[in-house]
Amino acid sequence: LLQKTLEYSLSPAVRSQDSPAALVRIARNPFGKEVAWNFFKSKWPEYEKRYGAGGHIMSHLIPAFGGFNTQEKAAEVKSFFSGKSIPHAKRSIEQTIENIHLNHEFIKKHEKALEEWIRQWRKSQLLR
């Protein structure tokens, strides 16, 4: 369903200025971020054609991918954008990669406490 929504968002049935909203919302969904990222990469020529010529929309699309939380994904995002000519989105790319690193550090620092909290919460739900 997420994939179909993304494909539909680039169809002629959706106005060009409305299309990015679908990508951003799906990318911010924990179940959709990987789907949206893969779609964005595979449709890069279309996104570049529509939004890469100096407008501000690309700067709003890219941060949607800042929800990842692994060093590998940060490297993948960095690699994908390296060599792409979108100077108006340079800062967005840097901030997105930085957010991924920060997410990774947060999880690394708090993972055990979060696991314990979830374990306790589940136990409390069973007692109801």
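The values are calculated or read from the model by the stated rules, or taken from the named source; none is laboratory data. Here the structure is a predicted model, which is why all the values come from computation and not from measurement. Cβ: placed from backbone, ideal geometry, glycine included. Neighbour counts: every protein chain shown. Remember, those area values only see protein heavy atoms, side chains included, never the ligands or the DNA or RNA. Shrake-Rupley method; radii C 1.70, N 1.55, O 1.52, S 1.80 Å.
According to the square roots a ≥ b ≥ c of the eigenvalues of the Cα gyration tensor, what is the shape class of the range 87-128, taking rounded for a/c under 1.5, prolate for a/b larger than b/c otherwise, and oblate for the remainder? Taking the square roots of the gyration eigenvalues as a ≥ b ≥ c, the range 87-128 is prolate. Which entries of K33/K90; K43/K108; K78/K108 have Cα-Cα distances beyond 25 Å here? Cα-Cα > 25 Å for K43/K108; rest within.
Name the shape class, rounded, prolate or oblate, that the alpha-carbon gyration tensor gives for the chain, where a ≥ b ≥ c are the square roots of its eigenvalues, rounded holds for a/c under 1.5, and otherwise prolate holds if a/b is larger than b/c and oblate otherwise. Because a/c hits 1.5 or more and a/b fails to exceed b/c, the chain counts as oblate. Here the range 54-123 is treated with +1 on each Lys and Arg Cβ and -1 on each Asp and Glu Cβ, and its dipole about the Cα centre works out to around 140 debye. Excluding same-chain neighbours fewer than eight residues apart, the aspartates and glutamates reachable from K123 by a Cα-Cα span under 19 Å are E111, E115.
Averaged per residue, the range 12-116 has 59 square angstrom of accessible surface, using a 1.4 angstrom probe with ligands and nucleic acids left out.
Here the range 35-94 has 55 percent of its accessible surface on carbon and sulfur atoms, given a 1.4 Å probe and all protein chains in place. In the chain, the calculated helix contribution to ellipticity at 222 nm averages -21500 deg cm²/dmol per residue, counting -39,500 (n - 2.57) for every DSSP H run with n ≥ 4. Under the criterion of Cα pairs below 8 Å and six or more residues apart, the relative contact order for the chain equals 21 percent.
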